[in-house]
1. What do the square roots of 5 times the Cα gyration tensor eigenvalues come to for segment 121-173, in whole Å, largest first, as semi-axes of the equivalent ellipsoid?
2. So what does the Cα-only Debye profile of segment 70-195 read at q = 0.16, 0.18 Å⁻¹, as log10 I(q)/I(0), no solvent term?
3. Evaluate E = 1/(1 + (r/R0)^6) for K225 and E174, where r is the Cβ-Cβ distance and R0 equals 22 Å; express this FRET efficiency to the nearest 0.05.
4. Taking the chain on its own, what percent of its Cα-Cα pair distances exceed 34 Å?
5. Assign unit charges at the C-beta atoms only (+1 for Lys and Arg, -1 for Asp and Glu), then state the dipole size of segment 63-208 relative to its Cα centre in Debye, rounded to the nearest 20.
6. Amide H of M213: which non-local residues (sequence gap of 5 or more, or other chain) have their own amide H closer than 5 Å, using H built in the peptide plane?
7. Rounded to the nearest 500, what is the 222 nm mean residue ellipticity of the chain from helices alone, with -39500 (n - 2.57) per DSSP H run of 4+ residues and division by all residues?
8. What per residue convex hull volume, in Å³, comes out for segment 151-201 when only alpha-carbon positions are used?
Amino acid sequence: MTKMIEIKNLMKKYGKNIVLKGITENVNKGQVICVIGPSGSGKSTFLRCLNVLEKPNSGKILFEGKDLTNISEKELCALREKMGMVFQSFNLFPNMTVLENIKVAPMRVKGIAEDEAEKKAKQLLEKVGLSDHENQYPASLSGGQQQRVAIARALAMDPEVMLFDEPTSALDPEMVGEVLKVMRDLADSGMTMVVVTHEMGFAKEVADEVWFMSDGYIQEKGNPKDFFNAPKTDRAKEFLAKIL
Ligand code: ADP
Ligand code: MG
């Protein structure tokens with residue numbers, strides 16, 4: 001198994017609040033990890049540390065062998081391009097059409113020619129089921145459609161790994177399924193994914209591993225079947241009892 005992200009004794013605090021107390025885990029190429037846990041337990045902080053949007057206080061993050069906590073800003077930016085990120089709030093550029101949203105970064109950041117970027121953007125729109133909406137502005141789309149555009153936009157940079165932070169939490173219930181379907185297709189295509197989610201059905205069916213985070217640590221991890229059927233720690237049992 002090829003290690004894609006190595007997390008070594010990751011520690012992160014805000015003032016006196018120690019959010020991540022020492023996490024050591026690996027994400028292997030092609031793996032789908034679902035990170036679950038109580039609100040405020042540090043899941044978003046953890047995800048943002050993986051691409052060093054948040055700088056860890058100590059510990060290392062190795063991405064394809066390179067220590068992201070100990071490289072130049074320029075190198076970091078280059079490596080970050082390989083880590084796509086999708087947030088709860090879709091963050092599309094409101095003044096650009098769907099198509100423009102998707103092709104802007106490949107053109108500006110990677111210097112890809114417009115016709116090539118456009119061709120790729122159209123392929124991605126087809127993949128997320130939005131070919132009919134390419135000339136619309138984000139505000140005219142539903143939340144589920146906007147989130148699918150956000151996923152297509154991240155994929156346009158040809159990432160090696162996709163990081164998702166509760167991508168369906170801001171959506172009306174009837175739109176959750178269409179976004180999860182796109183994510184499931186992506187997982188089936190072999191994409192490496194780290195997904196913070198409250199969608200336990202998705203975690204059960206799609207994750208290779210579930211990581212349960214609480215009190216600053218990954219308290220428990222395992223394949224979803226074992227984790228959901230027979231959680232080992234009291235914390236995980238309590239958490240599952242509340243949500244299932
Ligand atoms: P989760 O995503 O699991 O709900 P977060 O990572 O958002 O948890 O937050 C974990 C803890 O870190 C919370 O106590 C939160 O208040 C704190 N926190 C997160 N981001 C910041 C920040 N930028 N500044 C100060 N405290 C923060
Ligand atoms: Mg969060």
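Throughout, read-outs are computed from the coordinates displayed, never taken from laboratory work. These numbers were taken from a predicted model, which means no experiment stands behind them. As a convention, Cβ positions derive from the backbone with ideal geometry for all residues, glycine included, and neighbour counts pool all protein chains shown.
1. Its equivalent ellipsoid spans semi-axes of 17, 17, 8 Å.
2. -0.75, -0.95
3. 0.20
4. Summing the P(r) tail past 34 Å for the chain gives 16 percent.
5. Once rounded to the nearest 20, the dipole reads 240 debye.
6. It is I36, G37, Q219, by chain and number.
7. Here the helix-only value at 222 nm equals -11500 deg cm²/dmol.
8. Hull volume normalised by residue count: 81 Å³.
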